[in-house]
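Peer 1: Quick one: structure below, then a few questions.
The values are calculated or read from the model by the stated rules, or taken from the named source; none is laboratory data. The shown structure was predicted, so the numbers you read here are calculated from the model rather than taken from an experiment. Counting neighbours? That spans all protein chains shown, and the Cβs are built from the backbone with ideal geometry, glycine included.
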Amino acid sequence: RWDAPDGSFSLQMFVWPAGTRTMIHDHSSWGAYACAAGTVFEERYERLDDGSRFEHARLEEAWHLSWSPQDGASTVLPGNGGIHRVGNPHGETAVSVHLYGPRLEEVDGRDYDPSRDYVCDRLDDSAEETSRTIVQDWPVHGHREG
């Protein structure tokens, strides 16, 4: 991770072991990422409710794509313009490079659980954020490796 001295952006690299993915989440800043090695899978979501109910969000998957090094970059807008999940459902490790502005410590993004129509603010602690980023397992090639 590298943070601009003036706090205007943060550059990060993520290593995705086989079968890992993030929670569904958003950011309160813009972001862009590109796959540097292997293949990552992105799911993008649309928020269906108006956000007026506390800790409530109805989501619907809008699209999903696989990204490889030759595919360019994906971008997200703040808040509802960038609700997504990124991961690696494949059998080989993948690497992606992410650019965020402003620095992640200043981001008050949200995590979503569409199975319960639930949303909550993500912690502002960068160390905690990093440890929680890749938390869920995906079955690899239709089965769970263990």
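Peer 1: Mind checking which residues of region 73-86 are part of a strand (DSSP E or B) and under 17 Å from Asp117 (Cα atoms)?
Peer 2: His84, Arg85
Peer 1: Only one of Leu99, Leu123, Leu104 is at pLDDT 90 or above, farther than 18 Å from Gly38 by Cβ and not small (Gly, Ala, Ser); which? Explain how you work it out, then say what you get.
Peer 2: On the way: Leu123 fails: at pLDDT 90 or above; Leu104 fails: at pLDDT 90 or above.
Within the list Leu99, Leu123, Leu104, the selection yields Leu99.
Peer 1: More than 13 Å from Leu77 (Cβ to Cβ) and aliphatic (A, V, I, L, M), is that true of Ala18?
Peer 2: yes
Peer 1: In addition: When region 44-72 is examined, which residues are found to be of a type in the set (Ser, Thr, Tyr) and either exposed (fewer than 13 other Cβ atoms within 10 Å of the Cβ) or assigned to a strand (DSSP E or B) (or both)? Give the steps one after another, and end with the answer.
Peer 2: Here is the first cut: in region 44-72, the ones of a type in the set (Ser, Thr, Tyr) are 45, 52, 66, 68.
Scanning region 44-72 gives Tyr45, Ser52, Ser66.
Peer 1: Count, please, the residues in region 1-45 that happen to be modelled with pLDDT under 95, more than 28 Å from His56 (Cβ to Cβ) and among the aromatic types (Phe, Trp, Tyr).
Peer 2: Residues meeting the conditions: 2.
Peer 1: Can we say Ser28 is hydroxyl-bearing (Ser, Thr, Tyr), in a loop (DSSP other than H, G, I, E, B) and surrounded by fewer than 18 Cβ atoms within 10 Å (Cβ to Cβ)?
Peer 2: Criteria met by Ser28.
Peer 1: Just checking, which of Glu55, Glu42, Glu61, Glu46 is within 14 Å of Ser96 (Cβ to Cβ) and touching a strand residue (DSSP E or B) at 6+ places or on another chain (Cβ under 8 Å)? Write out each step before concluding.
Peer 2: On the way: Glu55 fails: within 14 Å of Ser96 (Cβ to Cβ); Glu61 fails: within 14 Å of Ser96 (Cβ to Cβ); Glu46 fails: within 14 Å of Ser96 (Cβ to Cβ).
Criteria check complete, one pass: Glu42.
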